[in-house]
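Reading through the structure tokens given below for one structure.
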Amino acid sequence: MEIGVDRSLCEANAVCLGFAPDIFDLDDDEELVVRPGPVPGDQAERVSGAVRGCPKNALFIVS
Ligand code: SF4
């Protein structure tokens, strides 16, 4: 699983960090940072929760 973010929709409200803090972060400019590369298997459920939980529908599964 790889995760993508539509930056035109993301408002950096950090909801996804609450689901998967090892995958999502905010940088010093309060821009969302997504850990690059495939999502580790033990994080897949958390990331799926973040995709469903994003209030802006900004997250999507790439593959
Ligand atoms: S929950 Fe959605 S809108 Fe909020 S920071 Fe994450 S991707 Fe952006």
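Listing for the model above:
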quantity	calculated
Principal-axis tilt of helix 44-53 within the chain, Cα atoms, nearest 10 degrees	40
DSSP-loop trypsin sites (Lys or Arg not before Pro) across segment 6-63, with at most 15 other Cβ within 10 angstrom	Arg7, Lys56
Sites Ala44 and Glu11 - FRET efficiency at Förster radius 22 Å, r taken between beta-carbons, to 0.05	0.35
Quotient of Cα Rg and 2.2 N^0.38 Å for segment 3-61, N being how many residues it contains	0.99
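Read-outs: derived from the displayed coordinates by stated rules, not from any lab. If you're wondering where the values come from, they're calculated on a predicted model, not measured in any experiment. Positions of Cβ are backbone-derived with ideal geometry, glycine not excepted, and every protein chain shown enters the neighbour counts.
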